[in-house]
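K.L.:
I have a structure I would like to understand better, so I am pasting it below and will then ask my questions one at a time.
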Amino acid sequence: MTTPLPEEVLRGLLRRFGWKTVDRFRDAIEYWAPASGRRDDEPLMFPLDPNGPDFGRLLALASRRLSELYGAEFDRGIKLVELMLDQRLDEVDVRKETDNKAGLISWDAGNRMIESARGLLGAAARASNAPKRRFAQSQSVIAEEFLRSCYMGQTRVGSYVVTALVPTLEPLATSRSESERTTPRHLTGREVTATLVSALEAVQVAVRETREDDQQLEAFEQAVPLGVSYELLTSLQLLTDGKESSVSVEYNQSGLNPVQADAQRRDFEFTRDDGSVIARARRHFEASPEPVHTVVTGEVTLLKNAESTAEHQIRVFGRVNGKPRTVIVNLSADEYEKAVTAHGQKRLLTVIGDLERRQRGSVIENPRFVAITDVPVGGTMPESQVTLWAEST
């Protein structure tokens, strides 16, 4: 009898070969079948209780069945899954449908797929450090560090797939000076994977809302704090132009930051019509004015806090270039507490950062400086003090 594979390895193989759970018997057995339904009609039994009398026998039967079905591909799959578990790799699959049953694609289209995958990963890495509407050359160090840490996996049959394997615990430098340090760094590959999932989910919601809201693109602008950027939309446009496409993310559960079982794999599918909306959003982001370094001092007029989505947003009514204006500011949790204090004490708040002009107002994402002033609401901030603080950043 075939030696049974470890439970984690066997489950990983089933997913890689495109199988999915189709039924379950209590907490004892899961029934798996190929998603295509073409390999075998009889479901495979996957035992769940390690203390059950048939646990080892059923694992061995399942291992033998996959070995008979997939041959040499089964042996290669074992090595890949074991590597992914050992190095704690999240998996990102960027997929493009093709009319060719062998999964072939034109050379130019294949290059665009790889460029799209690289761009999606790089944009997610940049947004993990500091979300922005458009990065241009900023945050390039974190993107380079992250891409260097990733692996490219095997493609799959049926459609053209680019597979990226992300080390979940890899520490990533966010600046040149930081990359020379020997102390641990705080941003990890798992955080980048989570940002990619957040951004793709936000894009799907924005596409739907854009269709329902008379083709307005405000939903894309509101998704910037979730990781949506000009760079991410550019990469998605490369992927979604033409035939149907998708991005799938599977979290490695053996890392230090496991996710809930129902969220372990996330699939994001895009139609040709979705691609048209994404292309419009990309053009809109491209045409928007570049952010301007700005100092805003004023009254906190709105506090919006949502722990479930890590949203900490305020509105500050002050003067920008001598003109009264309300500015939306997205803050960290600590910065938000300062805003709450300023509002409660009726004191002006100073925010310094890059101001972006959007369809429905001005926004500062991730300000460089946030401070409570000694000036009461209704008072005037000394110009010299504002200038000094701006220069100190």
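The values are calculated or read from the model by the stated rules, or taken from the named source; none is laboratory data. As the structure is a computational prediction, the values presented were derived from the model and not from experiment. Note that we place each Cβ from the backbone using ideal geometry, even for glycine, and neighbour counts take in every protein chain shown. These accessible areas exclude ligands, DNA and RNA; they are computed on the full protein's heavy atoms, side chains included. Shrake-Rupley method; radii C 1.70, N 1.55, O 1.52, S 1.80 Å.
K.L.:
Applying the selection to segment 145-161, what residues are of a type in the set (A, V, I, L, M), closer than 17 Å to residue 105 by Cα and modelled with pLDDT of 80 or more?
P.N.:
Of segment 145-161, the ones of a type in the set (A, V, I, L, M) are 147, 152, 157, 161.
With the extra rule that they be closer than 17 Å to residue 105 by Cα, the set shrinks to 157, 161.
Within segment 145-161, 161 is the sole residue that qualifies.
K.L.:
Given 164, 202, 136, which one is at pLDDT 90 or above and not in a strand (DSSP E or B)?
P.N.:
Numbers: 164 fails: not in a strand (DSSP E or B); 136 fails: at pLDDT 90 or above.
The unique qualifying residue is 202.
K.L.:
Let me ask something additional. Scan segment 45-80 for residues that are within 16 Å of residue 6 (Cβ to Cβ) and in a strand (DSSP E or B) and report the count.
P.N.:
2
K.L.:
For residue 341, all conditions in the list (1) crowded, with 19+ Cβ neighbours inside 10 Å; (2) over 22 Å from residue 224 (Cβ atoms) hold save one; what is the number of the exception?
P.N.:
(1)
K.L.:
So, restricting to strands (runs of 3 or more DSSP E) that lie completely within segment 281-382, which ones have at least 3 residues that are over 30 Å from residue 204 (Cα atoms)? If you could, list the steps in order and put the result at the bottom.
P.N.:
Numbers: elements: 292-306, 311-320, 323-330, 347-358, 361-365, 369-376.
Qualifying strands (runs of 3 or more DSSP E): 292-306, 311-320, 323-330, 347-358, 369-376.
K.L.:
Looking at 76, 88, 38, 26, which is the one that is more than 28 Å from the chain's Cα centre (by Cα), open to solvent by 10 Å² or more (accessible area, probe 1.4 Å), within 21 Å of residue 164 (Cβ to Cβ) and at pLDDT below 90? It would help to see each step written out before you state the result.
P.N.:
Numbers: 88 fails: more than 28 Å from the chain's Cα centre (by Cα); 38 fails: within 21 Å of residue 164 (Cβ to Cβ); 26 fails: within 21 Å of residue 164 (Cβ to Cβ).
Just a single option satisfies the conditions, and that option is 76.
K.L.:
For segment 1-23, name all the residues that are β-branched (Val, Ile, Thr) and modelled with pLDDT under 85.
P.N.:
From segment 1-23, those β-branched (Val, Ile, Thr) are 2-3, 9, 21-22; that's our starting set.
Once the filter is applied, which keeps residues that are β-branched (Val, Ile, Thr) and modelled with pLDDT under 85, segment 1-23 yields 2, 3.
K.L.:
Give segment 92-133 a look and list any residue that's assigned to a helix (DSSP H, G or I), of a type in the set (A, V, I, L, M) and touching a Lys or Arg at 6+ places or on another chain (Cβ under 9 Å), or say none. Don't jump to the end; show me each part of the working.
P.N.:
Restricting attention to segment 92-133, the residues satisfying the condition of being assigned to a helix (DSSP H, G or I) are 107-129.
Now restrict to residues that are of a type in the set (A, V, I, L, M): 109, 113-114, 117, 120-121, 123-125, 127.
Correct list: 109, 113.
K.L.:
Anything in segment 205-231 that is open to solvent by 40 Å² or more (accessible area, probe 1.4 Å) and in contact with a strand residue (DSSP E or B) (Cβ under 6 Å, 6 or more places away or on another chain)? List them, or say none. Spell out how you get there, then give the answer.
P.N.:
Narrowing segment 205-231 to residues open to solvent by 40 Å² or more (accessible area, probe 1.4 Å): 205, 208-209, 211-216, 222, 225-226.
Passing the criteria: only 225.
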